[in-house]
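Structure first, commentary second.
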């Protein structure tokens with residue numbers, strides 16, 4: 001696995017590779033971009049290239065070190081990811097500091113996956129290390145949502161932006177993984193591979209389409225059948241659908257490429273989107289999800 | 001290992017600290033006069049020089065050549081501080097050593113005199129993260145520390161530091177660094193590093209840094225390694241993922257002209273090319289800000305040759321309209337943060353914005369002015385109806401009198417009688433509010449020893465009272481003292497209407513008003 005195997009992300013790859021070639025690898029990076037677009041892969045490739053015995057701008061994938069890293073046995077690649085509760089706590093950072101205080105002979109790389117899940121204490125505890133890490137150490141923060149990271153953290157890192165994959169790139173990727181309907185899924189997910197995979201496994205979109213087209217009474221039966229489906233994802237699918245109705249009115253590209261949407265006037269789609277966002281917000285504020293859906297059933301304009 | 005610009009060009013002297021003269025000058029003077037406080041608090045946003053100044057201050061205090069505003073950076077003390085291994089300058093990360101135990105250790109150690117320098121200096125960075133207990137444990141030491149101790153606290157969140165700590169420190173507020181200062185500093189680094197950069201690219205970086213020098217240096221660093229010969233504006237946009245200026249001019253004109261299709265197409269293209277919708281929204285808000293400021297001749301770091309473009313763009317818009325659009329977009333930006341589908345959300349808000357008919361506030365006021373006239377008319381129309389059975393005719397029209405008195409005017413009743421009637425209503429209110437309310441609508445006309453005559457204009461009201469006649473009579477007898485019968489009468493509506501029409505005409509002819517009415 002080398003840089004070339006990462007689909008898309010030309011600019012991000014170029015930035016990293018140029019840093020390596022010019023010997024300007026920074027002490028801390030922040031890789032930002034949607035989930036599943038190759039951030040972690042790039043970080044691992046960076047580790048490989050820095051430590052590869054052949055010293056090129058690409059990892060050779062053949063030497064002992066490259067193989068070690070691929071197998072996850074390389075001692076100087078430290079990977080920190082959220083615990084089962086989905087956050088990174090201050091203890092993990094303290095542990096990391098302890099490890100970093102020891103010397104190393106290799107080019108050490110620390111990868112913090114989902115860095116935004118660090119809680120306040122962890123982020124604060126990390127600031128000093130991040131600004132001036134020990135020699136021969138590169139810290140790579142990976143995040144899909146900068147809003148939860150302190151500006152003081154962000155400002156200490158070299159930011160590398162990872163764009164969303166474009167639709168055709170994602171299509172290729174999905175095909176490679178043997179996922180059916182790759183074209184539709186690529187469109188639906190708007191370029192996020194994680195979302196595409198989730199959508200391929202879940203009936204959520206079908207339910208959402210039914211819901212949107214049904215009159216109120218029948219909608220309630222859909223709501224009752226939603227037990228196994230995450231309501232957030234259901235609302236998300238609805239939002240995409242009404243977004244499609246909006247752009248369809250102006251003859252633009254839609255995401256739900258497989259269904260025939262009737263042309264609706266602008267106020268209908270805007271009303272729909274507004275109502276769905278309201279429901280999403282209510283869920284965020286912990287309103288009883290059933291109530292949210294019932295209310296939505298009554299308020300959402302029908303698509304027929 | 002490679003050192004990033006921000007660390008490589010960390011100022012080593014007070015004079016090198018950019019844009020914080022109000023702090024550095026005070027500190028320099030304090031050192032030369034020997035009035036050194038025992039606790040300092042440096043507060044300010046990220047990347048403006050708090051930690052840097054703290055380190056310079058500790059060098060200045062401990063330099064071998066004596067406490068001096070200009071540390072030599074050559075002596076062992078200065079060097080040790082720069083390398084971060086001085087025994088007497090302890091840089092503590094307040095965020096990781098935040099508990100009471102750490103503070104207790106610190107207090108223990110503070111008793112010992114410095115090993116080789118004048119002062120023992122504790123720099124506590126990110127001090128806002130200390131726990132409440134830790135802060136409290138520090139209070140006594142902070143108030144009267146041994147003479148060889150200097151505390152320097154640095155924080156981005158001074159509001160999280162307890163008042164009791166704040167009041168024991170000399171506080172310095174660090175400011176965001178101005179665009180000009182950032183540009184000049186970057187120019188200095190560019191010269192030193194032999195990097196070439198386009199003027200526009202430089203301004204773009206400085207703007208994106210948003211007042212934080214470290215951010216600016218970081219971006220420059222990144223671009224220096226990304227670009228081959230010269231850093232172009234396009235490179236900056238590529239690396240930072242920013243759309244070009246032209247895009248925003250297009251967006252603006254589409255919105256003003258209500259071209260929904262065009263703006264949605266543009267946004268779909270942009271997001272598909274990998275630019276994040278947040279960046280588009282932020283960029284557009286900044287663009288509007290520039291348009292607003294440039295049209296008012298305020299410099300926002302726009303090259304002279306481009307100013308014309310902005311002035312032109314502002315010509316179709318009043319400041320009010322721009323501000324209203326900005327307000328809408330800022331709201332939207334807040335919501336976008338938590339959106340799962342920011343791309344679609346951006347399409348939605350842009351469709352909404354383009355669907356707005358943007359009317360200058362002056363026009364709205366103009367329209368509003370017309371409304372009272374209409375309202376006036378409406379009220380007059382209403383009054384004509386009302387005056388059919390009352391005598392409301394006067395110029396200019398006084399506010400509408402409440403319904404009950406108008407009706408009573410028909411036959412100004414005996415004052416005593418009215419009082420009795422009201423007393424009755426309020427007595428009954430205790431038992432039945434509805435009944436009391438209906439009673440008020442009736443008009444007692446006359447009372448003799450056996451009966452009281454009441455007139456109701458509405459049959460329904462009369463009937464409902466009649467049903468409760470027994471109750472009403474009982475209460476009435478309590479007030480009056482003897483038993484009275486209630487006689488109901490329907491009001492002679494038609495008659496009074498006729499009469500009032502004649503009266504109205506008479507009033508018009510004589511332009512008179514009614515003073516009293518007999519009978």
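The values are calculated or read from the model by the stated rules, or taken from the named source; none is laboratory data. Just so you know, these numbers come straight off a predicted model, no measurement behind them. For neighbour counting, all protein chains shown are included, and Cβ atoms are generated from backbone atoms with ideal geometry for every residue, glycine included.
A few comments on the model shown:
- Looking across the range B:205-238, the residues that are more than 33 Å from the chain's Cα centre (by Cα), closer than 23 Å to residue B:269 by Cβ and within 12 Å of another protein chain (Cβ to nearest Cβ) come down to B:234, B:235, B:238.
- Taking the range A:248-290 as the range and being at pLDDT below 90, more than 14 Å from chain B (Cβ to nearest Cβ) and over 20 Å from residue A:190 (Cα atoms) as the test, the residues that pass are A:262, A:289, A:290.
- Residue within the range A:5-15 that is surrounded by fewer than 23 Cβ atoms within 10 Å (Cβ to Cβ), in contact (Cβ under 8 Å) with a residue 40 or more places away in the chain and away from chain B (no Cβ under 11 Å) present: yes
- Every residue from the range B:109-127 that is at negative phi and part of a loop (DSSP other than H, G, I, E, B): B:111, B:112, B:113, B:114, B:115, B:116, B:117, B:118, B:119
- Scanning the range A:64-74 for residues that are over 18 Å from residue A:40 (Cβ atoms) and surrounded by fewer than 16 Cβ atoms within 10 Å (Cβ to Cβ) gives A:64, A:67.
- Here the helices (runs of 4 or more DSSP H) wholly within the range B:148-224 that include at least 2 residues being over 25 Å from residue B:280 (Cα atoms) are B:163-166, B:179-193.
- Candidate set from the range B:77-106 (those that are more than 20 Å from residue B:36 (Cβ to Cβ) and in contact (Cβ under 8 Å) with a residue 40 or more places away in the chain); member that is surrounded by the fewest Cβ atoms within 10 Å (Cβ to Cβ): B:82
Conditions tested, residue by residue: (1) over 17 Å from residue A:12 (Cβ atoms); (2) within 8 Å of chain B (Cβ to nearest Cβ).
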position: A:127; (1), (2): yes, yes
position: A:141; (1), (2): no, no
position: A:146; (1), (2): no, no
position: A:161; (1), (2): no, yes
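- Considering residues of the range A:104-115 that are within 12 Å of chain B (Cβ to nearest Cβ) and without any contact (Cβ under 8 Å) to a residue 40 or more places away in the chain only, the residue nearest to residue B:83 (Cα to Cα): A:104
- For the range B:20-64, the set of residues classified as touching a helix residue (DSSP H, G or I) at 6+ places or on another chain (Cβ under 9 Å) and farther than 21 Å from residue B:126 by Cα consists of B:25, B:28, B:31, B:35, B:36, B:60, B:61, B:62, B:63, B:64, listed by residue number.
Each row is one residue, and each column tells you yes or no for (1) part of a loop (DSSP other than H, G, I, E, B); (2) surrounded by 22 or more Cβ atoms within 10 Å (Cβ to Cβ); (3) modelled with pLDDT of 90 or more; (4) within 14 Å of another protein chain (Cβ to nearest Cβ).
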position: B:30; (1), (2), (3), (4): no, no, yes, no
position: B:36; (1), (2), (3), (4): yes, no, yes, no
position: B:41; (1), (2), (3), (4): no, yes, yes, no
position: B:72; (1), (2), (3), (4): yes, no, no, no
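- Residue count for the range A:16-27, restricted to those that are in contact with a strand residue (DSSP E or B) (Cβ under 9 Å, 6 or more places away or on another chain) and either within 7 Å of chain B (Cβ to nearest Cβ) or not in a helix (DSSP H, G or I) (or both): 4.
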